[in-house]
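So the structure is just underneath, and the comments pick up after that.
Values in this text are rule-based calculations from the coordinates and carry no lab data. Since we're looking at a predicted model, the values are computed, not measured. With ideal geometry, Cβ positions are generated from the backbone for all residues, glycine too; neighbour counts draw on all protein chains shown.
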């Protein structure tokens, strides 16, 4: 008998403890982010809740009760969750129907009830009656006013307030009259006093459209500027109009800036940080939601170039509103799409960058029903430092809560890691599709960039340079050598300049090589670093390659311990085809005849290309990589080869084949004395397309090539940078799920690549985008120069050179960790050995972060403590039972 009782007791304890764990888990879900929710209705007959937050922290709520009509409640203080008893607001109703025979009145709920708060604490309620008449009520803290008819009939409206507490309302009138044709109308209010309606734009199309087929938006500033945007029928292309006098007069409608015909949809305005107007729209031609943004600091007269934003957003068809907090940040908040909506999506703009998109849901344990409750018909409101949330449960009750966490803790850190991109390239010339910029840093911590850009007449190309010093970039200046020594066509040399490479020496000079001239020969010039970016004329250009021989992709390095310069290049075709090296022992004053370090014709190769060079100055070793190519028009199976020289380039090791197949863009770098790292692009269809391998002993032994899981489907070429002490960075351009270009960077920890960092660039992806980087150890900074396909305001989209940088921590000397098994052959051949451990790849297609309200449950210590308590009880009962036996 006692055994039976013991079993029953244990079962009860297990069930009770299970319930306790469920409650602990459910409580933990929301306690971190929100205070305990309050049941406002206690009726089982509530629906359609709305909420507004005033800047002082008071929450206001309205909802519909099927018996009592519209009810109102507010919190009793600015920081607590205690609410006053609900009171009816009888004027907010859709329709009243009185049965004259029974005397019974039937009330019908209003449509699209909305609540807005001003900074002064005034609350405006808006709703439609059953005849689509738009009404408004004001609550100034003393009670509700009498209703105002805002519009005789309205398809759709939007309301917002500006910093001066002026309320702006725009609506679409779907009926015609002599005095008021169908169209877009604007009204404003202050303290309940309404202006007369003003026609912004008329259109007969609105007479036959439905609310779900139209869109409208409004924003204003404190000095009287008002902007209105809408989708103009019949094409539904977004347009906007401006008013400089608080809506008294309006400009002619203008197409949304930078958008091609038929592409911009659902444009919306906001007045944000820095006294800027923001214009958002959805680009119908882009992947994902196509969210795009421009900014204006002159009340909409001019706009910045469009940039993609919030590219990881997945809910595209919801309605949105803007609101500001006490820090001046602008919050973008989604609105209820249906009564079943159980998530609110939000993001925040700090004047420089958008946060990650975040979804907020609300679940809790209801002590009354002893059930887990997940609210639907969610709405969220933010003002000052307060957020209010309201929603419906499955039993017909309305619940509300205020934030427990500060707004700063809601979203990922808004601190921009990378500096805001700056455009360097001249607006008058375009960049070539296959052009790639180059960048270098000197020992003073200055950075120098070079790129090729079309001439003003469009008949050729020029080189442009810019310099970063004193924490800013200079303007772009055209590289203008005095003449081309040894050139057959000096004029053509000046106007044909492609594939530049740049380096800096230890004598305050910057050196550039390029392919140019009448036949694409290799040329060299230099300038003093202090003059770069100031329009200083460069030294006389010198031809380095054989006359009339096409040279491609030159690269240049400077020996920091001597006065030597090394230039490597490829002659891809004809009998002279091969890899060549030119040497100057006096910092470019004189050049020795070029050395053919690899004879492609003698080796029976069809072509060579893509050569890169690196110098291990301490060990006096030159490292080179290049591509073996087929001729144009033939199947493009290619191979990457590596060779080295230990006598200043006079003799070279037998080239070693590193990779074969669809390979392009080989890169070589010396992370630290005695080390070499190779990387290249290898297209295998899906997955990572970058391969790399490492040598700790100057290229004599190698790890096996491995895919870099951190860099998936990156546009080639990639770029490598090092501080010479073992710290190394890799960069490439790819796209995210929203088809936005992103810069991927990863750092080397001495053994493997760390997880990549993602920097969104705000522009549509293009396979010809590319990036080069320079590591500046003196300033603990990583600089990136990017060729980026960019939207333009008043011109066709084109490639631009943009620059950005970010701080990087100094890590000291890193020691390589891979181990190797020596091979008996002394030649530099690949050696399969231990592979550095690959790090997990980033999930670019899932950027949305779950909120604290959707945490995985209670802390392990809480669960562990509860389980321990259960076990103790069981043991004690067991001991008692044994003793009694």
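For segment 363-407, the Kirkwood hydrodynamic radius comes to 11.5 Å, computed from all pairs of different C-alpha atoms.
For the pair segment 111-167 and segment 614-642, the centres of their Cα atoms are 70 angstrom apart. Legend: Rg and Dmax of segment 636-778, from Cα coordinates, 15.6, 51 Å. For segment 691-728 versus segment 509-577, the spacing of their alpha-carbon centroids is 26 Å. Ranked by the mean number of other Cβ atoms within 10 Å of their residues, highest first, the peptides 285-294, 100-109 fall in the order 285-294, 100-109.
Residue exposure proxy: 448, 72, ordered by other Cβ atoms within 10 angstrom of their Cβ from fewest to most, comes out as 72, 448.
Legend: ranking of residues 283, 298, 609, 132 from fewest to most surrounding C-beta atoms inside 10 Å; resulting order 298, 132, 609, 283.
Compared with the direct C-alpha span, the chain from residue 164 to residue 177 gains 1.3 nm at full extension, assuming 0.36 nm per residue. Between residue 646 and residue 796, the C-beta separation translates, for a Förster distance of 41 Å, into a calculated FRET efficiency of about 0.20. Cα extents for segment 682-742 along the principal axes, largest to smallest and rounded to whole angstrom: 43, 26, 16.
Per residue, the convex hull around the alpha carbon atoms of segment 424-807 comes to 134 Å³. The packing ranking, built from the mean of other Cβ atoms within 10 Å per residue, places the peptides 611-623, 234-246, 763-775 in the order 763-775, 611-623, 234-246, highest first. Set the Cα radius of gyration of segment 47-133 against 2.2 N^0.38 Å, with N its number of residues, and you get 1.23.
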